[in-house]
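Beneath this line is the structure, given in structure tokens, with notes to follow.
Derivation of every value follows stated rules applied to the coordinates shown; laboratory data play no part. Please read all numbers here as calculations on a predicted model, not as lab measurements. In this analysis, Cβ positions are derived from the backbone assuming ideal geometry, glycine residues included, and neighbour counts consider all displayed protein chains.
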Amino acid sequence: MADFQRSVPDSRSFLRRGPSILARSRIDLWLLLPVLCIMGLGLVVLYSGAGASEEAVNKQLLRYGVALLGMLIMAHINLREIERFVPVFYVIGVLLLVAVLLFGVGAKGAQRWLQVFGMPRFQPSELLKLAVPLTVAWYLCGRTRPTSFGNTLVAFILVSIPVFLIAKQPDLGTALLIGASGLFVIFFGGLLWRYVMLAVFAGAAGLPVLWSFMHAYQKQRVMTFLDPESDPLGAGWNIIQSKIAIGSGGLTGKGWLQGTQSHLDFLPETHTDFIIAVLAEEFGFLGVLLLLFFYVLILIRGLIIAGKAQDPFSRMLAAGLTMTFFVYVVVNIGMVSGLLPVVGVPLPLVSYGGTSAVTLMLSIGMLMSIRAQRTSRRMRKV
């Protein structure tokens, strides 16, 4: 009888089996699946938007591979262990932005890139998309909540420095996105509503000042947004053709590779900023709805991870990264549909390009890391 009892596994040890493959890999399936669906849909639309170019699709596949690898590496990093290095990351990012203004490489009227010792050029502002929310979360996590006016002011200054330097390049779209990422972290850090209202009124009062500092082409974009028909063959051409493409798609679209606006070169930047207009024309309202469904899944999952995070730093960071990702979507779709001025913001994980995809996937990896920390703590308690 004793030998039999020794041979029967203890029920508690049976329940405490090793973690699953997904748990060991720290991959969150509810985040990964919609990301892969967006990438797959993006490749289909990119093939059409790039003029049936297999080369563009192959290059984008390679970039997706690098981005997914970066996500996997980031998911295995304990963010709490690197928290003390966050200020160094922020300072390096700011110094690189200063270097861009002094020694940067220009293209299309903007000076946004650095090229060192013959290496491929890179855009330091992309680093700040991660450094700013990390730094603001690091600063506020050790402060009492609700956040005092002094701490809010310091956090706002931390956000404003890189935003100002990026706007000087000029790159207003990226500056606004980085500013939004920092402001979301401040809000989720326990910002009092009276400070929110004060910021709204201050922002409204500062619009005339902002207008005076804007470049001529930026002012033209705002005026075109207000009345694109005032220059239908010039500044208003892009928005007008984009609206035509979106409207002509109807409910189900014209069919893959059958878009006339894109394939007859009426629609500009069909593989980058205006790629959702190609999706709307060829797959219709239902195609756009499917893409938005995947984006909403990422939004919901990210906010769930933020709500269940174990510490203030992780909670603020997860919420800030999630909302910033969603702002990308809103700004791009609003821009292409004529609801917002054109600011050159790509559609996340769909538009052609590698730097933005890598940055976004690193933020997804951070969300997975935050979720994995909670899971590992729960398993240790069992």
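Just a few scattered comments:
- Alpha-carbon Rg with Dmax, taken over the stretch 83-214, Å: 15.9, 51
- For the stretch 136-204, the Kirkwood estimate of hydrodynamic radius, built from reciprocal distances between every pair of different alpha carbons, is 12.4 Å.
- Most mobile of R121, R371, R194 in a GNM of the chain (Cα contacts under 10 Å): R194
- Take every Cα pair under 8 Å whose residues are at least 6 apart in sequence, average their separation, divide by the length of the stretch 83-214, and the relative contact order is 24 percent.
- Translational D in µm²/s for the stretch 30-139 (Stokes-Einstein at 10 °C, 1.306 mPa s, Kirkwood Rh from C-alpha pairs): 95
- For W113, the amide hydrogen comes within under 5 Å of the amide hydrogens of V105, counting only partners 5 or more places away or on other chains and with H modelled in the peptide plane.
- Dipole magnitude for the stretch 189-312: about 500 debye, using +1 per Lys or Arg Cβ and -1 per Asp or Glu Cβ, origin at the Cα centre.
- Unsatisfied cross-links (Cα-Cα over 29 Å) in the set K219/K243; K219/K254; K243/K308: K219/K254; K243/K308
- Euclidean distance of C-alpha centroids, the stretch 248-267 and the stretch 178-245, integer Å: 29
- Projected-area average for the chain over all orientations - Cα convex hull basis, square nanometres: 24.5
- Springs between Cα atoms under 10 Å define the GNM used for the chain, and in it the highest mean-square fluctuation of G338, G203, G284 occurs at G203.
- Charge dipole magnitude, Cβ of K and R +1, D and E -1 - the stretch 83-214, Cα centre, debye nearest 20: 40
- Considering every alpha-carbon pair of the stretch 159-199, the percent of pairs per 10 Å bin, from zero through the bin containing the longest distance, is 30, 43, 24, 2.
- For the peptides 204-216, 355-367, the ranking by mean Cβ contacts within 10 Å, running from highest to lowest, is 355-367, 204-216.
- Kyte-Doolittle mean at least 1.6, axial Cα span of 27 Å or more - DSSP H helices of the chain: 29-49, 275-307
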